[in-house]
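Chemist: This is the structure I have questions about; it appears just below.
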Amino acid sequence: MTPLLETRGLGRAFGALQAVADVSLAVQPGELRAVIGPNGAGKTTLFHLVSGLLAPTSGRVLFRGDDVTALAAPARCRRGISRTFQITSIFPELSVLENARVAVQLKAGGNFRLVGGRGVLDASARRARDSLGSFGLLDRADALASTLPHGDQRLLEIAMAVAQEPALLLLDEPTQGLSPEDTAATVAVIRRVARERQLTIVLVEHDMDVVFDLADRISVLHFGELIAEGTPSEIRANAAVQTAYLGGLD
Ligand SMILES: Nc1ncnc2c1ncn2[C@@H]1O[C@H](COP(=O)(O)OP(=O)(O)O)[C@@H](O)[C@H]1O
Ligand SMILES: [Mg+2]
């Protein structure tokens, strides 16, 4: 089967610092892949390279077998790659519904003006509501995003990405800063939405309970390099991973 996402020798240097080094990985359709590694290992940079926010200094990104390395982030989004950020990235002064609608319209980019008119607005509102419903946020559609509790703001950001109806969803530390209760609820909703929408997910996560609970396979980054990959039980038993982690988890 052609992987949904593949990276080949992917690298990114910042001056003398090699933040991501020669990373080759393949994510199959429907998979839930976790990327773990100590703070500064290059996880967020890897997401920037896959989503097109940063250009690599070496290597390639393939999506559905097509080389998308030269495409900017909006074009990759239109192909089916959506993401969230480690730092919550919503529009606090817009309503919950407006946030989701903006996400849908960002994906459409300039194109939505071509088809234009009221039908497009209705369609984007419908997708936005549909996604908010999946995340239990529909009853607060008209609330300002800034008034949501932190956990719901994190969920809103995931709902915005899902409203774009991606094939591949990249989640950068979705449970960061959440209470144990909110973490459990977020894990449950990610699992359900992934199944309902047949999403392929790559998730950066520091909470090992979440990782071992959710992931089909785990990739381990250390100083930018992929040092291990396998099922949760394989990773748990991997000596190199345990050594890399003696310095503490991100
Ligand atoms: N824009 C940048 N300019 C310079 N160095 C950066 C930049 N972004 C990230 N880095 C560095 O690259 C390394 C990897 O960072 P990052 O990908 O954020 O790691 P992680 O998400 O695993 O904590 C770190 O040493 C970080 O300081
Ligand atoms: Mg990071």
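The values are calculated or read from the model by the stated rules, or taken from the named source; none is laboratory data. Model, not experiment: these values are computed from the prediction. With ideal geometry, Cβ positions are generated from the backbone for all residues, glycine too; neighbour counts draw on all protein chains shown. When the accessible area is computed, the model is the full protein with side chains, heavy atoms only, and any ligands, DNA or RNA have been set aside. Shrake-Rupley method; radii C 1.70, N 1.55, O 1.52, S 1.80 Å.
Chemist: What are the ³J(HN,Hα) couplings of the range 217-232, residue after residue, when phi is run through the Karplus curve with 6.51, -1.76, 1.60 and θ = phi - 60°? Round to Hz, x for glycine and proline.
Modeler: Working through the residues one at a time gives 9, 10, 10, 10, 9, 8, 6, x, 9, 7, 9, 6, 8, x, 6, x Hz.
Chemist: Let me ask something else about it. 7 Å from Cα along Cα→Cβ at both SER233 and THR147: what's the point-to-point distance in nm?
Modeler: In this crude spin-label approximation the distance works out to 5.0 nm.
Chemist: Roughly what would the spin-label model give for SER179 and ARG78, points 7 Å off Cα along C-beta, in nm?
Modeler: Calculated label separation equals 4.4 nm.
Chemist: Another question, if that's okay. For the chain, what % of the accessible area comes from carbon and sulfur atoms, probe 1.4 Å?
Modeler: Ligands and nucleic acids excluded, carbon and sulfur reach 54 percent.
Chemist: Sort out for me the Cα centre separation of the range 146-185 from the range 1-50, rounded to whole Å.
Modeler: Each part reduced to its Cα centre gives a spacing of 21 Å.
Chemist: Sort GLU6, GLU196 by heavy-atom solvent-accessible area, probe 1.4 angstrom, most to least.
Modeler: Largest accessible area first, the residues go GLU196, GLU6.
Chemist: Taking the DSSP beta bridges in the chain as the whole, what percent of them are antiparallel, to the nearest 5?
Modeler: Just about 55 percent of them are antiparallel.
Chemist: How large is the Kirkwood hydrodynamic radius of the chain, counting all unique pairs of alpha carbons, in Å? Kindly include the intermediate steps, with their values, before the conclusion.
Modeler: Working: mean 1/r = 0.0540 Å⁻¹.
For the chain, the Kirkwood estimate is 18.5 Å.
Chemist: How much length would be gained if the chain were fully extended between LEU94 and GLN28, taking 0.36 nm per residue of separation minus their Cα-Cα distance, in nm to one decimal?
Modeler: Extra length available between LEU94 and GLN28 comes to 20.2 nm.
Chemist: While we're on this one: Tell me the mean residue ellipticity at 222 nm calculated for the chain from its helices only (DSSP H runs of n ≥ 4, each -39500 (n - 2.57), averaged over every residue, nearest 500).
Modeler: On the way: 10 runs with 101 residues, N = 250.
Mean residue ellipticity at 222 nm (helix-derived): -12000 deg cm²/dmol.
Chemist: If you rank ILE227, ILE158 by how much accessible surface each has, with a 1.4 Å probe, what is the order from largest down?
Modeler: ILE227, ILE158
Chemist: Using Cα springs under 10 Å in a Gaussian network model of the chain, which residue among PHE14, PHE63, PHE223 shows the largest mean-square fluctuation?
Modeler: Per the Cα network of the chain with a 10 Å cutoff, PHE14 tops the list.
Chemist: Moving on. So what is the accessible area of the chain per residue, in Å², with the probe set to 1.4 Å?
Modeler: Working: 11210 Å² over 250 residues.
That works out to 45 Å² for each residue.
Chemist: Please list the three semi-axes, largest first and in whole Å, of the ellipsoid equivalent to the range 88-165, using sqrt of 5 times the eigenvalues of its alpha carbon gyration tensor.
Modeler: Each semi-axis is the square root of five times an eigenvalue, giving 22, 11, 11 Å.
Chemist: Which residue fluctuates the most in the chain, going by a Gaussian network model with Cα springs under 10 Å, if the choices are ARG83, ARG195, ARG64?
Modeler: Among ARG83, ARG195, ARG64, the largest GNM mean-square fluctuation belongs to ARG195.
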